[in-house]
1. Out of the total accessible area of the chain (probe 1.4 Å, heavy atoms of protein only), what percent is carbon and sulfur?
2. Report, in listed order, any pair from Lys235/Lys256; Lys215/Lys235; Lys256/Lys340; Lys297/Lys340 with a Cα-Cα distance greater than 25 Å.
3. Residue by residue through the range 349-363, which ³J(HN,Hα) values in whole Hz follow from phi under the Karplus form 6.51 cos²θ - 1.76 cosθ + 1.60 (θ = phi - 60°), with glycine and proline marked x?
4. Among the GluC sites (Glu not before Pro) in the range 246-303, which ones are in a DSSP loop with at most 16 other Cβ atoms within 10 Å of the Cβ? Mind listing them?
5. Over the chain, with a Gaussian network built from C-alpha contacts below 10 Å, which listed residue (Gln309, Gln258, Gln324) shows the highest mean-square fluctuation?
6. Ala148's amide H: which non-local residues (gap 5+, or another chain) put their own amide H closer than 5 Å, with H modeled 1.01 Å from N in plane and none for Pro or chain starts?
7. Spelling out what I want: for every residue of the range 315-323, take phi, set θ = phi - 60°, compute 6.51 cos²θ - 1.76 cosθ + 1.60 (Karplus), and round to whole Hz; glycine and proline get x.
8. Could you work out how far apart the two model spin labels at Gln278 and His70 are, taking each label as a point 7 Å from the Cα in the direction of the beta carbon, and quote it in nm?
Amino acid sequence: MKNRAAQLLFVLLLLCSWSNSNAQYRAIDRHARNAPDSLRFDLPALAEWLTATADSETGKARALYTWTSHFLSYDEQASREGRRINNSIRDILKRQRGLCMDYALLFQALAHYAGLHCAVVDGYALPALQPPRALPSAPDHSWNAVWADGQWQLLDATWASADDALQQQFGTDYFFTPPAIFLLSHVPAAPLWQLLPCPLPIEAFSLPIDELLPKAQATAHCLPLSPDSLLRMSKGQRQIYLAREAADFHPTPENKRQLAQALADEAGRIDDAIESTQLEHALAQQDTILTLLSEAKALSPPLLNWQAQLYARTLINQTVGCYQLPEGAVRHISAKEAIKRLENARQFLEDLPEEDLYRRYALPQCKRMIEQLK
């Protein structure tokens, strides 16, 4: 009991120091709120103006955070309709309203022009500090992580003006909040964005905060991947990694569906690049496509129409390519194996709607090839 009290005292002392440090941002905040509206649609110029008085990356991030939260209003209409109305950064700037994703995307765009490394973090909002604290079935909130002055920091421009239990208890304004405090109300879908040495499992977030805080202060290191390594991945690899982390952390049907979508999207990107490659490389890439789509199908059956089309087309093209290689080649397959693959492709085609144009074109050809090989 004494150990827990000491840990909580440490956290509170840390918070006092951090909360008092926010006074240094008053001049930056005042400057950001006075940004000329004429720069609204010129993000490079706006980012330069906003950060002109900042002498550190932290100061730059603060200026962008203050302007974003001051400029945007929460989009109540979109919230009621359960959808994002904005389709682009320009839409966000024009309407001057947005949901949490719009705040996060606008901040990220400004951070890019200000020379800051920044990520949009998807996760779960837990505004209540008292039990029950159950996570929704799918991520329902977005915020940002930004690299500033040697470390990753967390901020939420959407909640900048929030008047909630966390703010009342800890005096936070959701800018560079210590990770152990931030995760009391913001649970990232991908645990690495907890920014803890050892991310907490999902079960921890149902605990009362006086039990959760000491766990978040643990110093043991077990992080399998750093945010820096994540951002060095290709876009497709990053999307799959984050979706897989989210599904492993909170394995709901919706999170599994999102992982299946990320896998299928990567398969589509690979397919788009195959035409310009040599046969041997194309066959290897087709292996990857089939692996990705097979996992997607297992996670969230059935495949969408375009995914089933891609699966069937890849099976057919790869089978033809392998069968046409000379005997003795590593990729050469027998007629029996070719028929087996084409039968698999035919099943995917027959499962498509009868009016599907690709089905009408490919199914007769697939059947004809099977008959020729028998």
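1. On the way: 9680 of 18790 Å².
Solvent-exposed carbon and sulfur of the chain make up 51 percent of the total.
2. Details: Lys235/Lys256 19 Å; Lys215/Lys235 33 Å; Lys256/Lys340 29 Å; Lys297/Lys340 19 Å.
Cα-Cα > 25 Å for Lys215/Lys235; Lys256/Lys340; rest within.
3. After applying 6.51 cos²θ - 1.76 cosθ + 1.60, I find 5, 5, 7, 6, x, 4, 7, 5, 5, 5, 4, 4, 7, 8, 4 Hz.
4. Details: sites: Glu254, Glu266, Glu275, Glu280, Glu295; in loops: Glu275.
Taking the range 246-303 and a limit of 16 other Cβ atoms within 10 Å, the loop GluC sites (Glu not before Pro) found are Glu275.
5. Gln324
6. Gln153
7. 4, 5, 5, 5, 4, 4, x, 5, 5
8. The answer from the label model is 5.9 nm.
The values are calculated or read from the model by the stated rules, or taken from the named source; none is laboratory data. Quantities reported herein were computed from a predicted structural model and do not represent experimental measurements. Don't worry about glycine lacking a Cβ; one is built from the backbone with ideal geometry, like all the others, and counts go over all protein chains shown. These area figures cover heavy atoms from the full protein model, side chains too; ligands, DNA and RNA do not enter into them. Shrake-Rupley method; radii C 1.70, N 1.55, O 1.52, S 1.80 Å.
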